[in-house]
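Each remark here refers to the structure printed beneath this line.
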Amino acid sequence: MATTETPNLKQFQRLPQSTYIDSLRFLPPLSALDRYVVVSSFNSDSNQPSIQLHSIHSQTLTLHSSFTPSSRTTSLKVALQNPLIAASTVTGSLHILSPNPIHASFDSEVSLPENTLHLGPISGLDLQDNGAACVSVGEDGRVNLISVGDSGLEYRRVFDSRGLVSYTAARWASPTDFATGGLGNSVQWWDLRRPGGPVSQFKGNWAQGATSGIVHSIDIHPSRKHTCLAGGSYGTVFAWDLRRPQQPIVLSGIDNGETTTCISESDVWEVQYDTYMSTSDHAKLSSKGVLPAMICSEDGILAVLKQGEEPTELLTENCAINCFDIDRQNPSDVICGLEWESIALLTRA
């Protein structure tokens with residue numbers, strides 16, 4: 001087994017793949033003894049996309065089933081309370097997959113064809129934890145709600161800016177509320193009970209004085225749904241609190257021309273709240289405004305950020321770390337997708 005000198009890790013394994021890893025997610029337990037991950041990948045030689053179901057045993061992956069979407073995936077999400085998988089593509093199609101816990105395979109699939117939801121790629125997607133609905137966003141300025149039912153998929157357009165605003169990320173906060181992110185390091189908050197547009201928004205052009213910054217990823221913690229975590233261009237990571245919508249809490253990057261802790265100077269591709277905490281971390285929560293966050297970046301950094309503390313680097317690679325996921329059942333375990341066609345499995349000490 002490969003080892004790492006990083007003192008924060010107990011186990012580390014880098015697994016070479018034959019395809020480019022676009023995204024990956026842990027699945028909720030399908031059986032008592034097995035753990036599974038779903039991986040979306042792309043074979044650049046054959047231009048073949050794939051969504052694969054793997055089991056994890058002893059820091060190795062075993063392929064069980066594969067599904068071919070209509071085109072390369074742009075986003076991959078999993079329902080935590082109901083083992084459904086949602087995948088969006090560069091041609092604008094949407095696929096909902098249902099894994100079979102007995103045979104470790106994809107049991108069924110329903111989809112919406114390309115150009116139904118968006119003109120062009122679906123740039124951001126999120127699936128509710130119960131699997132009942134998706135929200136999709138695109139650079140075309142459309143925001144769509146997709147209902148997942150026994151009779152298939154139904155959708156309605158929540159908003160259409162007709163290209164005046166571009167959206168790149170989406171995240172549910174509740175069955176009626178969700179957040180989106182986009183150009184200009186902007187974040188928007190939506191309430192389905194109040195149609196017509198976002199109910200609150202923040203445009204953060206303060207990152208290095210640039211107006212071209214993009215929010216690539218957002219997350220919302222289930223216990224603090226009024227706070228949205230965002231990561232994007234120039235190593236920017238910030239928390240947006242609805243109670244103070246024009247005062248972001250910068251965890252990494254530039255804040256009003258002043259440099260705070262900057263874990264990376266390149267794009268932050270994904271952010272997630274980190275649920276792996278020590279006893280001392282729990283003791284500090286009452287005094288912290290922002291819960292710990294994990295990020296991965298274009299310059300090959302996987303790190304944990306804590307407000308008011310120096311970042312903790314878990315992994316540094318010579319290539320981009322494009323995606324990661326934290327196992328909700330075992331938060332010490334993390335899986336990453338590396339640009340050099342590899343998957344990394346980490347267990348924290």
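The values are calculated or read from the model by the stated rules, or taken from the named source; none is laboratory data. Keep in mind the model is a prediction, meaning the values are calculated, not measured. Neighbour counts are summed over all protein chains in view; Cβ atoms, including those assigned to glycine, are modelled from backbone coordinates with ideal geometry.
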Exercise. If you scan the stretch 141-164, which residues turn out to be crowded, with 21+ Cβ neighbours inside 10 Å and either aromatic (F, W, Y) or farther than 15 Å from A86 by Cβ (or both)?
Worked result: R142, V143
For this session: Please go through the stretch 131-157 and pick out each residue that is modelled with pLDDT of 95 or more and β-branched (V, I, T).
Result: V135, V137, V143, I146
Exercise. Can you find a residue in the stretch 9-29 that is among the hydrophobic types (A, V, I, L, M, F, W, C) and part of a loop (DSSP other than H, G, I, E, B)?
Worked result: yes
Seminar exercise, completed: Within the stretch 82-112, residues part of a loop (DSSP other than H, G, I, E, B) and either modelled with pLDDT of 95 or more or in contact with a helix residue (DSSP H, G or I) (Cβ under 8 Å, 6 or more places away or on another chain) (or both) come out as V90, T91, G92, S93
For this session: Within the stretch 185-192, identify whether any single residue is crowded, with 22+ Cβ neighbours inside 10 Å and farther than 24 Å from V78 by Cα, and answer yes or no.
Result: yes
For this session: Scan the stretch 268-299 for residues that are buried (at least 19 other Cβ atoms within 10 Å of the Cβ), modelled with pLDDT of 90 or more and assigned to a loop (DSSP other than H, G, I, E, B) and jot them down.
Result: D274, L291, P292, E298
Seminar exercise, completed: Across (1) farther than 20 Å from V143 by Cα; (2) in a strand (DSSP E or B), S71 clears everything bar (2)
Problem set entry | Of residues in the stretch 16-32 being surrounded by fewer than 16 Cβ atoms within 10 Å (Cβ to Cβ) and in contact (Cβ under 8 Å) with a residue 24 or more places away in the chain, the one farthest from S71 (Cα to Cα) | S31
